[in-house]
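What follows is a set of notes on a single structure, which appears directly below.
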Amino acid sequence: MSNAPLIALYGPDDTLAWQADGARSAGEFLSDVAELVDSLPDFPSVLNLLSSRYEFLVGFAAAMVRGQVTLLPQSRAPQTLRRIAGENGDCYGLTDRGDPVEGLPCVALPSGRRRSDRTMRIPQIPLHQQVAVAFTSGSTGQPTPNRKTWGALVSVARDTGSRFGLTAGRCRAVVATVPHQHMFGLEASVMLPIQHGLAMHPGRPLFPEDVRMALEEVSGRSVLVTTPLHLRACVMAGLKLPPVEMILSATSPLARELAREAEERFHAPVNEIFGFAEAGSVASRRTVNADEWQMLDAVTLTGAEPDWSVQADYLPRPIRFPDRIAVTGHRRFRVLGRMEDQVNIAGHRASLGDLTRKLLEIDGVQDGAFYLPETGHAPLTRLTAVVVAPGKTHRDIQRALRLSIDPVFFPRPLLLVPRLPRNETGKLPREALRRLVEEESAHEC
Amino acid sequence: MSLLALEREVAALIVQTLKLKTDWSTIHPEAALFGDGLGLDSIDALELSLAIAQTYGYQVKSSDPEIKETFSSLRSLARAIEKNRTK
């Protein structure tokens, strides 16, 4: 097989998306794509900044039909966009009307435009065609481009769907709080629905009430694609959500306690995806049941302790895990922590990720992180921990930590804070954490 | 409660919830909360909405036609809370 269809498992009249003006069928979607294909300029790549998830998909599909690569900017900050545009040769912006990017040729997609009645057969896209470039998150260093083929996106979408038994008979729609210009967002909120005949909600609900309304706007049971940050907000708001078939979370580790609360409140399994921009989604787990991750079907582990990589037909070469993992069984692994977050304190080795995981398991801890201060050549560096645990005291947390970590890693200081400076995708940039620790330490002196 | 007193209360709630290193009494009631003003972002808005729901029983939603106005300044946020509060 050298091609895969743009969309799969829809009849022409099946709903592919909900728009403000009503349902958009698979046939109408193809008309929208056909209409746009001819109006795109002749550039090799496109910055697709469209805010509606559906319009983004129309732009993404039209670009693929034209053989253009879609660039997925991490943020809309003008300097980020200019940098991406500068580093990727000739490209143009695809934007909402009235929202151009300075210094970039732009095509504005008129909202509420007249719908055409052109017809188009479902395009077959070559699996090896390069269709998107995702950029690695800034929290791990300098952003670097990661090129994605159509084959990689299709494989991940199909394997994720079969892992969770997502068929149009069982659920009907996907509602997502994550940006579609993000790797996980593209995979789970755009590719997953269009490869399984599901309908997508075009919005990006932020507040818990927005999530509730979005789930109500789509008919039938939905998959909610989200992050630990939004999930915590939905749990804390105490809302009653419409029936959800499944919740899919990624971008930062989900605390087991939060997963348990979310499952109880929303009567749906909460599954977590493990992935990284270089390889895309590679494994999943149901957080309440398992520490272990199970590889997606097309992905295999290669290498040996401690240097593991993932391999797949659609990847150009084996790609090294950004985390240290322990292989625990056939196609199963546990994440021990990030490579670069290894700490060595008085001869004791641990990873900040592992310590943070233990911190998050403490009853009453909503969020938290271990942090290694930069102290130059001081003989003994102690770790710092920042913890969000309303109603808990330092002593409560310390007592619980004593049960799970070596005393050498006890945080000094342990800072109780109202919240952590997580960014839009739920990640905790090291620089923001450093500033928080600095401010809080000064405050406590 | 007068609107002025509510403004003060909401200012303190913002500072406390978002852990701003700002004295609540220095927040100008008509200055922008997001972007150039206090520099809040969408995650702050999410955190703030939880605190507002818990304190005043008002569930903020983006589909509210006045949502931009609501979050534009301390004064407009206090007005929206006054109008929509259930506790």
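The values are calculated or read from the model by the stated rules, or taken from the named source; none is laboratory data. Quantities reported herein were computed from a predicted structural model and do not represent experimental measurements. Methodologically, a virtual Cβ is constructed for each residue, glycine included, from the backbone with ideal geometry; neighbour enumeration extends over all protein chains shown. Ligands, DNA and RNA are excluded from the accessible area calculation, which covers all protein heavy atoms including side chains. Shrake-Rupley method; radii C 1.70, N 1.55, O 1.52, S 1.80 Å.
Give me a comma-separated list of calculated 3J(HN,Hα) values for the range A:146-152, in order, Karplus coefficients 6.51, -1.76, 1.60 applied at θ = phi - 60°, integers in Hz, x for any Gly or Pro.
Values per residue, Gly and Pro as x: 10, 7, 10, 8, 4, x, 5 Hz.
For the range B:3-84, what is the charge dipole size about the Cα centre, in debye to the nearest 20, if Lys and Arg each add +1 at the Cβ and Asp and Glu each add -1 at the Cβ?
Magnitude of the dipole: close to 120 debye.
Based on the alpha-carbon gyration tensor of the range A:346-444 and its eigenvalue square roots a ≥ b ≥ c, which shape applies: rounded if a/c is under 1.5, prolate if not and a/b is larger than b/c, or oblate?
Here the range A:346-444 falls in the rounded category.
Considering the options A:231, A:59, A:69, tell which one lies farthest towards the positive end of the dipole of the protein assembly as shown, charges being +1 on Lys and Arg and -1 on Asp and Glu at the Cβ, about the Cα centre.
A:231
Leaving out ligands and nucleic acids, and using a 1.4 Å probe, what accessible area per residue does the protein assembly as shown come to in Å²?
44
How much length would be gained if the chain were fully extended between residue A:170 and residue A:97, taking 0.36 nm per residue of separation minus their Cα-Cα distance, in nm to one decimal?
In short, 22.6 nm is gained.
Can you work out ³J(HN,Hα) from phi for every residue in the range A:316-327, in order, using Karplus 6.51 cos²θ - 1.76 cosθ + 1.60 and θ = phi - 60°, giving whole Hz and x for Gly and Pro?
x, 6, x, 10, 5, 4, x, 10, 7, 10, 10, 6
I'd like the interface area for chains A and B: accessible area of each alone minus the complex, both sides summed, 1.4 Å probe, protein heavy atoms only. What is it in Å² to the nearest 100?
Working: alone 19830 and 5330 Å², together 23250 Å².
Chain pair A/B: roughly 1900 Å² of buried accessible area.
As an exercise, take the mean of 1/r over every pair of distinct alpha carbons in the protein assembly as shown, invert it, and state the Kirkwood radius in angstroms.
Taking every pair of different Cα atoms in the protein assembly as shown, averaging 1/r and inverting gives 24.6 Å.
How big is the charge dipole of the range A:3-336 about its Cα centre, in debye rounded to the nearest 20, if each Lys and Arg gets +1 on its Cβ and each Asp and Glu gets -1 on its Cβ?
Once rounded to the nearest 20, the dipole reads 340 debye.
Treating the angle as unsigned and between 0 and 90°, give the value, to the nearest 10°, between the Cα long axis of helix A:208-217 and the longest Cα principal axis of chain A.
The angle comes out near 30 degrees.
With a 1.4 Å probe on protein heavy atoms only, tell me which residues of the range A:403-438 lose at least 10 Å² of accessible surface in the complex relative to the chain by itself.
A:418, A:419, A:422, A:424, A:436
Run the quick spin-label model on residue A:42 and residue A:8: label points 7 Å from Cα toward the beta carbon, then report their separation in nm to one decimal.
Simple spin-label model gives 3.5 nm for this pair.
Name the long-range amide H neighbours of residue A:308: under 5 Å, sequence gap of 5 or more, or other chain; modelled H, no Pro or chain starts.
A:321, A:325
Starting from the Cα gyration tensor of the range B:3-84, take the square roots of the eigenvalues, sort them a ≥ b ≥ c, and report rounded, prolate or oblate (rounded when a/c is under 1.5, otherwise prolate if a/b is larger than b/c, else oblate).
In terms of gyration-tensor shape, rounded.
Taking +1 at the Cβ of each Lys and Arg and -1 at the Cβ of each Asp and Glu, which of A:146, A:369, A:89 sits farthest along the dipole of chain A towards its positive end, judged by Cα position relative to the Cα centre?
Positive-end residue among those listed: A:369.
Please give, to one decimal in nm, the separation of the simple spin-label points placed at residue A:300 and residue A:393, each 7 Å out from Cα toward the Cβ.
5.7
Pop the C-beta distance of residue A:21 and residue A:327 into the FRET formula with R0 = 41 Å and round what comes out to the nearest 0.05.
Efficiency at R0 = 41 Å is approximately 0.20.
Residue A:404 label point, 7 Å along Cα→Cβ, cut-off 19 Å on backbone N: hits in the range A:293-321?
What the label zone holds, given the 19 Å backbone N cut-off, is A:293.
Lys and Arg at +1, Asp and Glu at -1: add these up for the other residues within a Cβ distance under 9 Å of residue A:367 and post the number.
Counting the neighbours of residue A:367, the net charge comes to +3.
Can you pull the percent of the range A:25-69's accessible area that's carbon plus sulfur, 1.4 Å probe, other chains left in place?
Result for the range A:25-69: 51 percent of the exposed heavy-atom area is carbon or sulfur.
Starting from the Cα of residue A:129, step 7 Å along the direction of its Cβ; do the same at residue A:162; then give the gap between the two resulting points in nm.
The two pseudo-label positions are separated by 2.3 nm.
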